[in-house]
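Visitor: I'd like to ask you about the structure that follows.
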Amino acid sequence: MRAIVLAAVLAVSAATAARAEETDRKWFSVHAFADVETAYICRGYVWDVRPYSAQFVDGELDLGPFGRIDASVWTMSALSGSGSSARMTRRAYAEADYFLRYSYDVVLAEDWRLVNGIGRQWVTNPGYVGGHTVCDWQFMQSLKNPYLTPYWKVRSIHHPFNETYWIVGVKRGFSLLEDLTLTVDFFGDLGDHRHYANLYGPKAGDSSRRYHGGLQALNLVFRLDYALTDNVGLFAFVGQFCLVSDDARRAVKDTKTPEARRDLTFGGIGLSLDF
């Protein structure tokens, strides 16, 4: 009889805990930010050396044991027309990127989890002359833990051109004060020979030969986040971009455009919202 009573108490306790967990779970969350950055760097390439403003909003649906689904929009507005050779029809919202992702976490141990994601992205360029929509699939993983978080992401672009680009990096966060956090992020940009050809054109010195794929650039970023409230934060960052591929450095050196930079220090400041 005591065993039956004990089993019943344990069952009720487990059910109560499960209901509490379901109640405490945040089924839907929103993250957004707006910032001003000194240069536009993407896919291991400097696209604009003058400041621009970015806005981002992401909504995430938590499906519990079935993972998460989120959808986001990122926009770019150029603050100057002199930092790039690209011709523009307008500067405001010259680029808008749309992203849809499914992610699932695998718990490996206490405070250790492997985050897996697959996503679909559409990069639109309504503010550029001849701008077209770039479509790609993305695959990503990160190993979250209390020490050092390694991560990687692959972009398989299939329209209007074909190439494979990926990022491999590590990051670590440090709590400096109660509401102040420093994050150090070190990552490399890599790509196949098609990625190089799409960015730099024919190979400098011998257009009949194709580029060697592999490591293209290295980046080191220091970011500070300060929590003003539970929902509002300020952030600032500074970073260093450096082309390390000999092919890429030669190609950029031979290009006479404002954005032709092989090394660049960049930074930004902005406001973030979380609900």
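The values are calculated or read from the model by the stated rules, or taken from the named source; none is laboratory data. What you see is a predicted model, and the numbers here were worked out from it, not measured in a lab. Quick reminder, even Gly has a Cβ in these numbers, built from the backbone with ideal geometry, and neighbours come from all protein chains shown. We work out accessible area using only protein heavy atoms, side chains counted, and drop any ligands, DNA or RNA first. Shrake-Rupley method; radii C 1.70, N 1.55, O 1.52, S 1.80 Å.
Visitor: Among (1) open to solvent by 40 Å² or more (accessible area, probe 1.4 Å); (2) among the β-branched types (Val, Ile, Thr); (3) closer than 20 Å to Asn198 by Cβ, there is one condition Val123 misses while meeting the rest; what is its number?
Guide: Result: Val123 fails condition (1) only.
Visitor: Determine, yes or no, whether Arg194 is open to solvent by 70 Å² or more (accessible area, probe 1.4 Å) and assigned to a helix (DSSP H, G or I). Steps first, please.
Guide: Values: open to solvent by 70 Å² or more (accessible area, probe 1.4 Å): yes; assigned to a helix (DSSP H, G or I): yes.
It is true that Arg194 is open to solvent by 70 Å² or more (accessible area, probe 1.4 Å) and assigned to a helix (DSSP H, G or I).
Visitor: Evaluate region 219-228: report whether one residue or more is within 18 Å of Ser84 (Cβ to Cβ) and either touching a Leu at 6+ places or on another chain (Cβ under 8 Å) or open to solvent by 60 Å² or more (accessible area, probe 1.4 Å) (or both).
Guide: Within region 219-228 (the criterion being within 18 Å of Ser84 (Cβ to Cβ) and either touching a Leu at 6+ places or on another chain (Cβ under 8 Å) or open to solvent by 60 Å² or more (accessible area, probe 1.4 Å) (or both)), the answer is no, since none of the residues qualifies.
Visitor: Does region 42-51 contain at least one residue that is more than 27 Å from Leu220 (Cβ to Cβ) and open to solvent by 50 Å² or more (accessible area, probe 1.4 Å)? Walk me through how you get there before you give the answer.
Guide: Of region 42-51, the ones more than 27 Å from Leu220 (Cβ to Cβ) are none.
No, because not a single residue in region 42-51 is more than 27 Å from Leu220 (Cβ to Cβ) and open to solvent by 50 Å² or more (accessible area, probe 1.4 Å).
Visitor: Another question about this same structure. Restricting to region 59-76, what's the tally of residues that are under 30 Å from Arg194 (Cβ atoms) and surrounded by fewer than 17 Cβ atoms within 10 Å (Cβ to Cβ)? If you could, list the steps in order and put the result at the bottom.
Guide: Residues of region 59-76 that are under 30 Å from Arg194 (Cβ atoms), as a first pass: 70-76.
With the extra rule that they be surrounded by fewer than 17 Cβ atoms within 10 Å (Cβ to Cβ), the set shrinks to 71, 73.
Residues meeting the conditions: 2.
Visitor: Condition first: at pLDDT below 95 and open to solvent by less than 60 Å² (accessible area, probe 1.4 Å). Now tell me which residues in region 201-218 satisfy that.
Guide: Narrowing region 201-218 to residues at pLDDT below 95: 201-213.
Listed by number, the residues that qualify are Gly201, Lys203, Ala204, Asp206, Tyr211, Gly213.
Visitor: Let me ask another. Of the conditions (1) in a strand (DSSP E or B); (2) at positive phi, Asp185 satisfies every one except a single condition; which number is it?
Guide: (2)
Visitor: How about region 259-275: which of its residues are loosely packed, with under 14 Cβ neighbours inside 10 Å and part of a loop (DSSP other than H, G, I, E, B)?
Guide: Result: Phe275, single match.
Visitor: Does region 255-274 include one or more residues that are modelled with pLDDT under 95 and either within 21 Å of the chain's Cα centre (by Cα) or farther than 19 Å from Ala39 by Cα (or both)?
Guide: no
Visitor: Next question, about the same structure. Please go through region 229-247 and give me each residue that is open to solvent by less than 20 Å² (accessible area, probe 1.4 Å) and either modelled with pLDDT under 95 or farther than 13 Å from Asp189 by Cβ (or both), ordered by number.
Guide: Within region 229-247, Gly233, Phe235, Asp247 qualify.
Visitor: A further question on this structure: Considering only region 54-71, I want to know if a residue exists there that is small (Gly, Ala, Ser), free of Cβ contacts under 8 Å to residues at least 60 places away in the same chain, more than 25 Å from Asp189 (Cα to Cα) and not in a strand (DSSP E or B).
Guide: Yes, there is a match, as at least one residue in region 54-71 is small (Gly, Ala, Ser), free of Cβ contacts under 8 Å to residues at least 60 places away in the same chain, more than 25 Å from Asp189 (Cα to Cα) and not in a strand (DSSP E or B).
Visitor: Which residue pairs have Cβ atoms under 6 Å apart, sit 6 or more places apart or on different chains, and have a first residue in region 249-266 that is over 9 Å from Val46 (Cβ atoms) and among the charged types (D, E, K, R) and a second that is open to solvent by less than 60 Å² (accessible area, probe 1.4 Å) and not in a helix (DSSP H, G or I)?
Guide: Every condition considered, the pairs that remain are Arg249/Leu243; Arg250/Ala204; Asp254/Ala204; Asp263/Cys242.
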